[in-house]
1. If you check 182, 173, which single one turns out to be farther than 14 Å from residue 228 by Cα and not in a strand (DSSP E or B)?
2. Is it the case that segment 206-214 has a residue that's in contact with an Asp or Glu (Cβ under 7 Å, 6 or more places away or on another chain) and surrounded by 17 or more Cβ atoms within 10 Å (Cβ to Cβ)?
3. Which residue out of 212, 158 is within 19 Å of residue 245 (Cα to Cα), at pLDDT below 95 and either in contact with a Phe, Trp or Tyr (Cβ under 9 Å, 6 or more places away or on another chain) or polar (S, T, N, Q) (or both)?
4. Test residue 218 against the criterion of being touching a strand residue (DSSP E or B) at 6+ places or on another chain (Cβ under 6 Å), at negative phi and modelled with pLDDT of 95 or more, and give yes or no.
5. Test residue 179 against the criterion of being in contact (Cβ under 8 Å) with a residue 24 or more places away in the chain and buried (at least 19 other Cβ atoms within 10 Å of the Cβ), and give yes or no.
6. Take the conditions at negative phi, in contact (Cβ under 8 Å) with a residue 24 or more places away in the chain and in contact with a helix residue (DSSP H, G or I) (Cβ under 7 Å, 6 or more places away or on another chain) and apply them to residue 151. Does it pass?
7. Might you check whether a residue that is charged (D, E, K, R), touching a residue at least 40 places away in the same chain (Cβ under 8 Å) and over 16 Å from residue 145 (Cβ atoms) occurs anywhere in segment 235-254?
8. For segment 37-59, state whether one or more residues are without any contact (Cβ under 8 Å) to a residue 60 or more places away in the chain, part of a helix (DSSP H, G or I), not assigned by TED's automatic domain parsing to the domain that holds residue 105 and not aromatic (Phe, Trp, Tyr).
Amino acid sequence: MSIPTVAWDETSPAGSQAISLGDNRIREFKTQVRQVMGVDHDFPSSGSAADNGQHLQVTLQEQADLGTGAVGATLLGSQTESGKGELFYTDEDDNDIQLTSGGYSIANMIEDGATMQTSAAPTADAGIANKLYVDSSAVKTIMWVIPNAVETGTEQSGRAYIDVPGIITKARAYAKTAPTDASLLFDININGTTIWTTQGDRVAIASGANAGSETSFDVTALAVDDYVTCDIDQVGSTVAGSDITVLLTYTPNVT
């Protein structure tokens with residue numbers, strides 16, 4: 001940006017200056033106005049045209065704070081954010097609304113009138129979920145597959161080790177061949193200790209059924225390096241049940 005060649009001086013001309021120099025001061029004044037206004041405007045030194053005075057650009061000086069918005073006086077300008085000047089609009093309630101960020105236009109990134117959610121699920125097709133909602137909505141599942149006819153026993157299909165901490169939300173069990181005359185009962189343990197102190201809540205597949213689920217637990221927290229195992233505590237008395245899949249779903253902790 002060029003610096004005006006004629007410095008602005010409101011003390012000039014002095015009252016004692018000769019009248020014969022008046023034409024010089026008038027031309028000097030015109031040059032001062034043109035050079036200052038020409039920073040952002042089409043302002044030629046002579047002539048006239050329909051586009052004279054129109055903006056060529058808008059130069060916004062970066063400020064730490066644009067000021068206070070008020071009724072009938074909202075603000076638009078460059079405000080410092082994370083050490084850089086970004087475009088901000090301050091409404092009449094003095095809310096600072098950031099319009100650019102890190103080289104991107106926020107207006108271009110959010111389409112169809114979408115709004116960013118705080119932590120709840122989006123409520124419209126154009127709604128945008130933030131990271132907190134997305135992270136808290138993610139789930140992980142531990143699976144034990146036990147083929148053929150089953151028998152009671154501990155640590156069926158081995159141990160599963162936890163690499164991301166979380167909270168248990170649901171246990172499910174499936175049997176290709178349903179048990180008969182008694183339920184299939186499964187216990188799940190963390191580091192060898194049941195998650196169902198209330199044993200009546202253990203996940204079960206009822207006699208004649210192929211699936212069962214449970215959402216009540218006495219222990220729900222999973223930590224990194226915990227190991228989780230599945231026991232079969234009871235099988236069908238006539239047909240034990242076979243080709244079993246047990247699933248334990250948990251939600252990773254959001255940090």
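The values are calculated or read from the model by the stated rules, or taken from the named source; none is laboratory data. Keep in mind the model is a prediction, meaning the values are calculated, not measured. We place every Cβ from the backbone using ideal geometry, glycine too, and count neighbours over all the protein chains shown.
1. Working: 173 fails: not in a strand (DSSP E or B).
The unique qualifying residue is 182.
2. As a first pass, look at segment 206-214 and keep what is in contact with an Asp or Glu (Cβ under 7 Å, 6 or more places away or on another chain): 207, 214.
So of that shortlist, the ones also surrounded by 17 or more Cβ atoms within 10 Å (Cβ to Cβ) come out as 207, 214.
Yes, the conditions are met somewhere in segment 206-214.
3. Numbers: 212 fails: at pLDDT below 95.
Going through 212, 158 in turn, the sole match is 158.
4. Details: touching a strand residue (DSSP E or B) at 6+ places or on another chain (Cβ under 6 Å): no; at negative phi: yes; modelled with pLDDT of 95 or more: yes.
It is false that residue 218 is touching a strand residue (DSSP E or B) at 6+ places or on another chain (Cβ under 6 Å), at negative phi and modelled with pLDDT of 95 or more.
5. Working: in contact (Cβ under 8 Å) with a residue 24 or more places away in the chain: yes; buried (at least 19 other Cβ atoms within 10 Å of the Cβ): yes.
In short, yes.
6. Details: at negative phi: yes; in contact (Cβ under 8 Å) with a residue 24 or more places away in the chain: yes; in contact with a helix residue (DSSP H, G or I) (Cβ under 7 Å, 6 or more places away or on another chain): no.
Taking the combined requirement at face value, the residue does not satisfy it.
7. Residues of segment 235-254 charged (D, E, K, R): 243.
Those left that are additionally touching a residue at least 40 places away in the same chain (Cβ under 8 Å): 243.
Checking which are over 16 Å from residue 145 (Cβ atoms) leaves us with none.
No, the conditions are met nowhere in segment 235-254.
8. Taking segment 37-59 and keeping what is without any contact (Cβ under 8 Å) to a residue 60 or more places away in the chain, we get 37-59.
Right, trim to part of a helix (DSSP H, G or I) and you get 37.
Now restrict to residues that are not assigned by TED's automatic domain parsing to the domain that holds residue 105: 37.
Then keep just the ones that are not aromatic (Phe, Trp, Tyr); that gives 37.
The answer is yes, given that some residue of segment 37-59 is without any contact (Cβ under 8 Å) to a residue 60 or more places away in the chain, part of a helix (DSSP H, G or I), not assigned by TED's automatic domain parsing to the domain that holds residue 105 and not aromatic (Phe, Trp, Tyr).
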